[in-house]
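Scroll down for the structure; my scribbles are underneath it.
The values are calculated or read from the model by the stated rules, or taken from the named source; none is laboratory data. The shown structure was predicted, so the numbers you read here are calculated from the model rather than taken from an experiment. Here the Cβ positions follow ideal geometry from the backbone for every residue, glycine too, while neighbour counts run over all protein chains shown. All accessible areas refer to the heavy atoms of the entire protein, side chains included, with ligands and DNA or RNA removed. Shrake-Rupley method; radii C 1.70, N 1.55, O 1.52, S 1.80 Å.
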Amino acid sequence: METQSLYDLAPIARIMLLGVVLALGPLAWVWVRNRHAPPAQRLRVLTLVTLFLTFDLVLFGAFTRLTDSGLGCPDWPGCYGSVSPVGASAAIAAAQEAMPTGPVTFSKAWIEMIHRYLATAVGVLILVLAMVSWLERKRLSVSFVWPLVTLVWVCVQGAFGALTVTMKLFPAIVTLHLLGGLGLLALLRAQSVAYQLARPGDPGRLALPERLRIALVFVTVLLWCQIALGGWVSTNYAVLACSEFPTCQGSWWPSMDFREGFTLWRHLGMNSAGEAIAFPALTAIHYVHRLMAFVVLGAMVWLGWRLWRVPGMGRTARALFLLALWQFASGLTNVVLDWPLLAAVGHTAGAAALVIVFTGALSGTRSASPRRAEATGTAALNMFRSTP
């Protein structure tokens, strides 16, 4: 029986061309609306548009994963060597006939390929951002380093997308792919703030009390840890290990296997020995994420309350309150309603929005104490501004 090659680069040129066509719409809109604006303003708008489309891409990636469409096309970058499921219809029909309940169907193939088309378009937009930043570097006070880092990052992210397919949804790879998408959101949000600060007359970054700035950094680290745990829950399909709240399996401390649950290098549904993963391991994955959620939600509410009292930070504080409520509600809905698709995608949307909010807060503020600013990461943020 002939097997499908995991990598078939025959359609890559046509897929890249399709990505260029899809990117032309946003690029034309930005140019028409901002053709007379200064370079920093045009780049800021283009960065925000790219950020918005990347946010959509992250959500569609979650939709792809949650509908089990990640292997709808078992090769990369096309679908059975074709640019779309239309050209692969015979191969898809044969795969579906051979395994009616398998991962390959026409709808799953389309979902997977649409995700790849969107990813290619976002990659084109980021390439344009880097090119324009380079061409306008003498007229900008924003360093070219970060557009370049973002371009490299999206290329690495594309490689992880390929590995997600070719390694058959390997949980560690899929989790890194999710974190990479959120990291791309953070880079784009930080760049949009940098271009905003580069505008003439901008008052600059808001000074926060030293301890509050440290607290902001600390809660941001907590958030990323929780997102990694949530990704591990999702990629191991451990959401339904606990189907009640606040207890799990009728207990406040159910039977759990932390060692097996948090063994990172293993195949989906398997332990390190290649055997089916035990249910206590899935329970451990779920319950650690739940316990950490209480810590992070409490920290976010506390931070929001503190930021509320700082002039100029009211919008950030309101966003934290609303997103904390959204994450709690969508997470609870996933548990008690057996992981409905809308709530699951919404939970990912909340995490992505929190990354944007926290990155914006970090990039747009500084410590009121210059000596402590470097210790809390402010010096790193200064890389967004070119040195004189």
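Can you pull out every residue in the range 244-262 that is open to solvent by 40 Å² or more (accessible area, probe 1.4 Å) and outside any helix (DSSP H, G or I)? Show your work before the answer.
Step one: list which residues in the range 244-262 are open to solvent by 40 Å² or more (accessible area, probe 1.4 Å), which gives 244-246, 249-250, 252-253, 255, 257-259, 262.
Once the filter is applied, which keeps residues that are open to solvent by 40 Å² or more (accessible area, probe 1.4 Å) and outside any helix (DSSP H, G or I), the range 244-262 yields Glu244, Phe245, Pro246, Gln249, Gly250, Trp252, Trp253, Ser255, Asp257, Phe262.
Yes/no matrix, rows are residues, columns are (1) touching a residue at least 60 places away in the same chain (Cβ under 8 Å); (2) within 29 Å of Lys168 (Cβ to Cβ); (3) in contact with a Cys (Cβ under 7 Å, 6 or more places away or on another chain):
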residue: Cys242; (1), (2), (3): yes, yes, yes
residue: Trp253; (1), (2), (3): no, no, no
residue: Arg259; (1), (2), (3): no, yes, no
residue: Phe262; (1), (2), (3): no, yes, no
residue: His267; (1), (2), (3): yes, yes, no
residue: Glu275; (1), (2), (3): no, yes, no
residue: Pro280; (1), (2), (3): no, yes, no
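Which residues, taken from the range 330-348, are more than 20 Å from the chain's Cα centre (by Cα), in a helix (DSSP H, G or I) and surrounded by fewer than 17 Cβ atoms within 10 Å (Cβ to Cβ)?
Leu332, Val336
For the range 126-140, which residues satisfy the criterion of being buried (at least 16 other Cβ atoms within 10 Å of the Cβ) and not hydrophobic (A, V, I, L, M, F, W, C)?
Taking the range 126-140 as the starting set, the residues that turn out to be buried (at least 16 other Cβ atoms within 10 Å of the Cβ) are 126-130, 132-133, 136, 140.
Residues satisfying the conditions are Ser133, Glu136.
Is there a residue in the range 271-284 that is open to solvent by less than 40 Å² (accessible area, probe 1.4 Å) and at pLDDT below 95?
Yes; the residues of the range 271-284 include at least one that is open to solvent by less than 40 Å² (accessible area, probe 1.4 Å) and at pLDDT below 95.
Report every pair of residues separated by at least 6 positions or lying on different chains whose Cβ atoms are under 6 Å apart, first residue within the range 307-335 and under 17 Å from Thr220 (Cα atoms), second of a type in the set (Ser, Thr, Tyr).
Leu307/Thr316
Determine whether Phe55 is part of a helix (DSSP H, G or I), surrounded by fewer than 19 Cβ atoms within 10 Å (Cβ to Cβ), within 24 Å of the chain's Cα centre (by Cα) and not β-branched (Val, Ile, Thr). Before the answer, list the steps.
Values: part of a helix (DSSP H, G or I): yes; surrounded by fewer than 19 Cβ atoms within 10 Å (Cβ to Cβ): no; within 24 Å of the chain's Cα centre (by Cα): yes; not β-branched (Val, Ile, Thr): yes.
Against the criterion (part of a helix (DSSP H, G or I), surrounded by fewer than 19 Cβ atoms within 10 Å (Cβ to Cβ), within 24 Å of the chain's Cα centre (by Cα) and not β-branched (Val, Ile, Thr)), Phe55 does not qualify.
Tell me, yes or no, whether the range 249-262 has at least one residue that is of a type in the set (Lys, Arg), more than 26 Å from Ile356 (Cα to Cα) and at pLDDT 95 or above.
Pass one, the range 249-262, residues of a type in the set (Lys, Arg): 259.
Imposing the further condition that a residue be more than 26 Å from Ile356 (Cα to Cα) reduces the set to 259.
Now restrict to residues that are at pLDDT 95 or above: 259.
Yes, because at least one residue in the range 249-262 is of a type in the set (Lys, Arg), more than 26 Å from Ile356 (Cα to Cα) and at pLDDT 95 or above.
From the list Thr220, Thr235, which one is of a type in the set (Ser, Thr, Tyr), open to solvent by less than 60 Å² (accessible area, probe 1.4 Å) and farther than 24 Å from Gly304 by Cβ?
Of the residues listed, the single one that is of a type in the set (Ser, Thr, Tyr), open to solvent by less than 60 Å² (accessible area, probe 1.4 Å) and farther than 24 Å from Gly304 by Cβ is Thr235.
List, please: which pairs have Cβ atoms under 8 Å, are six or more places apart or on different chains, and start with a residue in the range 125-142 that is more than 14 Å from Thr50 (Cα to Cα) and end with one that is among the polar types (S, T, N, Q) and assigned to a helix (DSSP H, G or I)?
From residues that are more than 14 Å from Thr50 (Cα to Cα), the pairs are Leu140/Ser133; Val142/Ser133; Val142/Gln191.
Residues are listed down the side, and each one gets a yes or a no for (1) hydrophobic (A, V, I, L, M, F, W, C); (2) modelled with pLDDT under 95; (3) buried (at least 17 other Cβ atoms within 10 Å of the Cβ); (4) outside any loop (DSSP other than H, G, I, E, B):
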{"site": "Leu291", "(1), (2), (3), (4)": "yes, no, no, yes"}
{"site": "Val301", "(1), (2), (3), (4)": "yes, no, no, yes"}
{"site": "Gly304", "(1), (2), (3), (4)": "no, no, yes, yes"}
{"site": "Leu320", "(1), (2), (3), (4)": "yes, no, yes, yes"}
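Could you tell me whether any residue of the range 355-371 is open to solvent by 30 Å² or more (accessible area, probe 1.4 Å), modelled with pLDDT under 85 and assigned to a helix (DSSP H, G or I)?
Yes, the conditions are met somewhere in the range 355-371.
Would you mind stating whether Ala172 is out of contact with any helix residue (DSSP H, G or I) (no Cβ under 7 Å at 6 or more places or on another chain) and under 20 Å from Asp75 (Cβ atoms)? Spell out the reasoning first.
Details: out of contact with any helix residue (DSSP H, G or I) (no Cβ under 7 Å at 6 or more places or on another chain): yes; under 20 Å from Asp75 (Cβ atoms): no.
No; evaluated as a whole, the condition is false for this residue.
If I filter the range 193-206 for residues that are touching a strand residue (DSSP E or B) at 6+ places or on another chain (Cβ under 8 Å), open to solvent by 40 Å² or more (accessible area, probe 1.4 Å) and either on the phi < 0 side of the Ramachandran plot or not in a loop (DSSP other than H, G, I, E, B) (or both), do I get at least one hit?
yes
Suppose we keep only residues that are open to solvent by 80 Å² or more (accessible area, probe 1.4 Å), under 20 Å from Lys168 (Cα atoms) and outside any helix (DSSP H, G or I) within the range 86-107. Which one would you say is modelled with the lowest pLDDT?
Once the filter is applied, the top-ranked residue is Thr101.
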